[in-house]
Structures are given as C-alpha cells and as structure tokens.
Amino acid sequence: MALTSKEVEHLAILSRLALTDEEKALFAGQMNDILEFADKFNQLDTDNVEPMVYVLPANNVFREDEVIPGPTRDELLTNASAVEEGYFKVPKIL
Amino acid sequence: MNREYETVVGLEVHVELKTKTKIFCSCSTEFGAEPNTQVCPGCAGFPGTLPVLNRKAVEYAIKTGLALNCEIAEVSKFDRKNYFYPDLPKAYQISQYYMPICKNGHLDIEVEETKKRIGITRAHLEEDAGKLVHQGTITSTEYSLVDLNRGGMALLEIVSEPDMRSAQEARAYLENLRAILLFAGVSDCKMQEGSLRCDANVSVRPRGQTELGTRVEIKNLNSFRALEKSIEYEVRRQINAIEDGEELIQETRTWDEEKQVTRAMRTKEDAQDYRYFPDPDLAPVYISQEWIAQVSESMTELPNQARQRLVNDCGLPEYDASILTLTPATLKFFDEAITKYNQPKIVSNWIMGELNRLLNVNNMEIEDSRLVAGDLVELLKLIDAGTISGKIAKTVFEEMFSTGKKPEEIIKEKGLLQISDEDTLKGMIDEIVAANPKVVEDYKNGKEKAFGFFVGQLMKATRGQANPAIVNKLLQERLSRE
C-alpha cells in the first residue's frame, strides 16, 4: 500500500505545508516506511481480541464543575504574535 | 409544493450544556464576558496542558440521552477531529466519533394532527470553538480577531435520522427537542445567543424512490423561522435543478437571512478530511447502571408527561397542552395560576392568547417578563366579580405586562372600573336614544343592527367601561318602551 505523490500532496495541504518536489519524494519514502512497519500488526490474529480503548489502566477521570479563574487577559496574550483590543489577531482566512 | 417529489430532512443540533465551567478545564462559561477573559492555557491550546473531563457535562449528556429514549453507552471515549482554523487553537477539536455517549433514541412530533416518531442516531459530547470577528465580511476582511471565551465550552451534538418529510416536521422536531432539553434542565437553548444551533441536511427524491437524493447541508440557521424558510427554499431550488436537467452537487450552503436564499459555501471536492483518532489524553468513561439510575431519579417531569397531565387532569385540548409545554417557564406559570384559580381553560386561553401575543411582539420569553401568575389570577377574579369588563381586562393586562403593576392599582390609576350602576347607565341610554330617533325607527322596523349601534354608542361614551350584560338588559327595556 505505497503512498502516491497525490496522497502526499493532499496531506501537505491538510497540514498547511508547502513542499518542494524533492521533499515530496523524501516524505513519501519515509511515510511508506512507517506504513510498512505498522503493517506488521496485520500479521497478528486479532479475531477474538476486543479493540483497545486506552493504554493506561484508568477510567472516569473527572473534575467537579467548579470555576477556577485563569490568567488575566494580559498574561494570556503575552505570547501572541499579534493582538488587537484584547483579541488574538490572525491573518484573513479565505 | 411539487407533489412528484418527496423532501427528506435530517437535523444536526448543537446544544451548549449549562455547566458552570468548560468541558475540559475550569474556566467560567458565563455569557457576555469581555473577550479572552475566560481562557486558560488549557483551552488556549498551549503545549503541555492536559484536558480533564467535567463530570457534570457527562451527567447532562446521560440526562439528555434518557430524555430522548437513547441507549447510554457502557463505555464512551473521546477522539480528535483534526482541522486548521483560527477559532480552534489546538488545530483539533476533542469530540466523540467512534464511541458516542448516546445512540438509537427517538422523539415524537405532531404536525397537522398526525403523530410521527423521529429517530435520533446519536448524541455525543465535544468542545465548542472560539469566536471569530471579521472586519466587514469573511472574504473582504484584512484580518480576523479571535475570542476564545467560547472555546472549550461543553457541547452536545444531537444527530437525527433523515426521518422528516417537510420543513414543518423539521420545525416541530426542533421545537420538541428544545422543550425536552429545557425541561431536562441541561441547556438554556437560546438560539439568538447561540446556545442552540442547528444545521439541516436536505435532499429531494422522486416519490417512491428508496435511495436518497444528493444531500445539501444548510448552516447558519439561528431561528425556527430560518430553519423552516431555508428548507422550503432549498427544496424548491433542488426540484428546479432536477427539472432543468442539472446535476445537484453535495455541498454546504449558508442561509442568507436578508435575501432569504441559500448560498454555496463549499463543495464536497474540498470537503474536510478530519483524520479522527482516539485522544490519548483522555481516559474512557465507564457509565454504570447505578449512575444511570441516579441521573434518572433526579429527572423531573418531561414535556410529554406534562402534556398528558394537562389533558387528563386539567381537561385541556391536546393543542393547548402542546403550547403550554413548549417551555418549563410557561408550564410553571400555568400551574401556579390554576392552583389559585381552578379554571384551566380560561387560564390557558389567556396564556396562549394575550400573553403569547405580547411576548412575541416584544421578542421575549415568559421568564423575562415582569408578569407573575398571581397577578393574572387577580385580574381573572376582577372580571368574575364584574369589577372590570373582559375587554378592559385586556388593556389592564397589557399594562401589567409592561409595568409589572398589580391589576387593582392599574384600574384605580386609569379609572377603568366597570360601570354597573343602573341609574348612571339609564341616564346615558336615555340621551343616546333621544339623540338618534332614526335608528330607533330602524330598530322598531326589525333591524338587528340598530341594537348594536346603541351598544356601540354607549361603550364609546363610557370608554368601554360599561358592564355589557347590564347594558343589554337596560337597552332592551328602554327600546321596548319606544
């Protein structure tokens, strides 16, 4: 199940990455290695095995519904690259 | 409506749960706060933070599931839905894809006296996204501003089966769903504030065809009216396209409230590829039978139970019962009124008539009004005692509604007491009869209208305050002497 260059391009778009043709070839190769490795799992007989839901032996980890105030707005926005009137400022979307 | 085609509608409803804090962090969910003042490193998507699930959100989801006759999952878990958008700081939304908390439910609707059961495919928990503010429109803006206060609020997405066959059925479904959510106490369901949001999947197919037509998803529906109008528009558009031999495409369209049309947003070609996978940061949720029983015990009357009670115990028509159970506040108002004034149909008429009219005109909910049930009861007792006429009562009611004053106070202030004193009325009748000899002639010649003319004149002279029964009696006596 080798990845085609079209699929690599699709993934690049989803990840908002601009790739050169060399990079596309490089990543296609690397991703195919990963897929091949993961394919080894298919050699296991899992007919009577329930799909695993979670790796750790934990469940029902809850918080109670009580407010804990967060940082001030100035603190929150400290690391933002652009700010306007208390908002994060981002480039146009469409 | 073209009879050769059948409309098929399914709804996806997002409900903001009424938790005090967000679903995965302890930030407040208070509506209307200054931008970015209810945000912590967790819901801002800072690296190194971890989500911790709000127990109350799970409880509300179980409650909703029970109210919608769903199966509650024994094991439920969360997945990541990946996409880039500035209102989603982590670049993924935590949602439930593989193992939703509720599935296979239903709710019953009634349209034009036909009852129908609408299937509910699933209901799952997820986090809300932030809010974007554009300068001008989304396409013409130079840049956008992000407020993350709403980001991370607890949402329940409720997905119906494509079981609805008209815009009216879709509206009835949403109204019933809203009533159930309000009675269950899990959400405020304010469409204007966005705590209840609805997308509609609409397709048409030739009558008799079993496979579904090409489906269009309509977004941006923030009122019942918008839902109904947009489906009607979309069905017309799709039928016209088919009739003209055009091929419909599966796409997302937005409802343009101003122009009353749907407009294309994006097609399936650029449809999202969300690459769902289990969120390793969140442990699964195990829901025991004991927990379900506990939630079930905490539930109070639901709309359909209340409807039955109003029909069986109060003797109200089904229609009245369905209107009075649209919101818990309406039902509470009714219940309070009839404990003090045991005439359910009269109380119901006032709520469905005058009260709902004033609420609609002012675009208000009953809980926002200053009127209390006890004051309506006082008013009804004043009518019964003959202190005011039924007609004047409506004027008094309007004043009660807008000022919150007691009926007696308004009657006193405005001098609206009903005139029942026979001598006063007799004097006035004498004057009117003397001033209109021609109408008296008409009356003697058997013209029914003439009698009404005299009643009208007297009501005018007394500004509607004359007691109609006494006026009728006195006028008949007086005219019989002519």
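Could you compute how fast chain B diffuses translationally, taking Rh as the Kirkwood radius over C-alpha pairs and applying Stokes-Einstein at 10 °C with viscosity 1.306 mPa s? Give it in µm² per second.
60 µm²/s
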Exercise. Once the convex hull of the C-alpha atoms of the protein assembly as shown is built, how many Å³ does it hold per residue, rounded to a whole number?
Worked result: 251 Å³
Exercise. For the protein assembly as shown, what is the accessible area per residue in Å², given a 1.4 Å probe and the full set of protein chains?
Worked result: 54 Å²
Problem set entry | Equivalent ellipsoid semi-axes - Cα gyration tensor, the stretch B:5-291, angstrom | 31, 24, 18
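Which value, in debye to the nearest 20, gives the size of the charge dipole of the stretch B:422-480 about its Cα centre, when Lys and Arg are +1 and Asp and Glu are -1 at the Cβ?
Numbers: 9 positive and 8 negative charges, 40 e Å.
For the stretch B:422-480, the charge dipole is close to 200 debye.
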For this session: With a 1.4 Å probe and every protein chain kept in, tell me what percent of the accessible surface of the stretch B:301-414 is carbon plus sulfur.
Result: 49 percent
For this session: Give me the accessible area of B:Thr403, 1.4 Å probe, in Å² rounded to the nearest 10.
Result: 40 Å²
Exercise. Which residues of the stretch B:146-186 show a drop of at least 30 Å² in accessible area when all protein chains are present, compared with their chain alone (probe radius 1.4 Å, heavy atoms only, ligands and nucleic acids excluded)?
Worked result: B:Val146
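Which of the peptides B:4-12, B:172-180 is most tightly packed, and how do the rest follow, judged by the mean count of other Cβ atoms within 10 Å per residue?
Per-residue Cβ counts within 10 Å, averaged per peptide and sorted highest first, yield B:172-180, B:4-12.
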Problem set entry | Net charge, B:Thr339 excluded, C-beta distance under 13 Å - Lys, Arg +1, Asp, Glu -1 | -1
Exercise. Gain in length, B:Thr214 to B:Asp384, computed as 0.36 nm per residue apart minus the alpha-carbon separation, to one decimal in nm?
Worked result: 55.2 nm
For this session: Under a 10 Å cutoff between Cα atoms, tell me which one of A:Ala12, A:Ala58, A:Ala82 has the largest fluctuation in the Gaussian network model of chain A.
Result: A:Ala82
Seminar exercise, completed: So the B/A interface buries, both sides summed and with a 1.4 Å probe, an accessible area in Å² (nearest 100) of 3800 Å²
Exercise. How far, in degrees from 0 to 90, does helix B:167-184 lean away from the longest principal axis of the Cα atoms of chain B, to the nearest 10?
Worked result: 90 degrees
Exercise. So, by mean Cβ neighbours within 10 angstrom, what's the order for B:213-219, B:230-236 with the highest one leading?
Worked result: B:230-236, B:213-219
Exercise. When all alpha-carbon pairs of chain A are counted, what percent fall beyond 17 Å?
Worked result: 76 percent
For this session: Compute the accessible area of each residue in the stretch B:22-45 twice, once for its chain alone and once with every protein chain present, using a 1.4 Å probe on heavy atoms, and list those whose area falls by at least 40 Å².
Result: B:Ser26, B:Pro35, B:Asn36, B:Val39
For this session: Put one equal scatterer on each alpha carbon of the stretch B:176-270, apply the Debye formula with no solvent term, and list log10 I(q)/I(0) at q = 0.14 1/Å to two decimals.
Result: -0.60
Exercise. Which Cα, out of A:Thr20, B:Val471, B:Leu177, lies furthest along the positive dipole direction of the protein assembly as shown (beta carbon charges, K/R +1, D/E -1)?
Worked result: B:Val471
Problem set entry | Calculated [θ] (222 nm, deg cm²/dmol) that DSSP helices of n ≥ 4 give over chain B, each run adding -39,500 (n - 2.57) | -12000 deg cm²/dmol
For this session: Could you check how much of the accessible area of the stretch A:1-42 is carbon and sulfur, as a whole percent, using a 1.4 Å probe?
Result: 62 percent
Seminar exercise, completed: Interface residues of the stretch B:49-64, defined as losing at least 50 Å² of accessible area versus the chain alone with a 1.4 Å probe, are B:Val52, B:Arg55
Exercise. If you line up the long axis of helix B:373-384 against the longest principal axis of chain B, both from Cα atoms, how many degrees apart are they, to the nearest 10?
Worked result: 20 degrees
Exercise. Using +1 on the beta carbon of Lys and Arg, -1 on that of Asp and Glu, and nothing else charged, what's the dipole of the stretch B:167-323 about the Cα centre, debye to 20?
Worked result: 280 debye
Problem set entry | Stretchable slack from B:Met265 to B:Thr424, in nm (0.36 nm times residue separation minus alpha-carbon distance) | 50.1 nm
Exercise. How far is it, in nm, from the label point at A:Ile68 to the one at B:Glu4 when both lie 7 Å from their Cα along the line to the Cβ?
Worked result: 6.5 nm
Problem set entry | Radius 11 Å from Cβ of B:Tyr274, net charge of other residues (Lys, Arg +1; Asp, Glu -1) | +1
Seminar exercise, completed: With Cα coordinates, the longest principal axis of chain B makes an angle with the long axis of helix B:448-461, in degrees rounded to 10, of 80 degrees
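Only four residue types carry charge here, +1 at the Cβ of Lys and Arg and -1 at the Cβ of Asp and Glu. Report the dipole size of the stretch A:47-94 about the Cα centre in Debye, rounded to the nearest 20.
In total the dipole reaches around 300 debye.
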Exercise. Using a ≥ b ≥ c from the Cα gyration tensor of the stretch B:422-480 (square roots of the eigenvalues), is it rounded, prolate or oblate, where a/c under 1.5 gives rounded and otherwise the larger of a/b and b/c decides, a/b for prolate?
Worked result: prolate
Problem set entry | Cysteines (scope chain B) whose Cβ has no counterpart Cys Cβ under 4.7 Å | B:Cys25, B:Cys27, B:Cys40, B:Cys43, B:Cys189, B:Cys198, B:Cys314
For this session: Heavy atoms only, probe 1.4 Å: what % of the accessible area of the stretch B:5-291 goes to carbon and sulfur, would you let me know?
Result: 46 percent
Seminar exercise, completed: Whole-Å distance linking the alpha carbon centroid of the stretch A:8-40 with that of the stretch B:434-482 is 94 Å
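The values are calculated or read from the model by the stated rules, or taken from the named source; none is laboratory data. Computed from a predicted model, the values in this text were never measured in an experiment. Methodologically, a virtual Cβ is constructed for each residue, glycine included, from the backbone with ideal geometry; neighbour enumeration extends over all protein chains shown. In case anyone asks, the SASA skips ligands and DNA or RNA and just uses the protein heavy atoms, side chains included. Shrake-Rupley method; radii C 1.70, N 1.55, O 1.52, S 1.80 Å.
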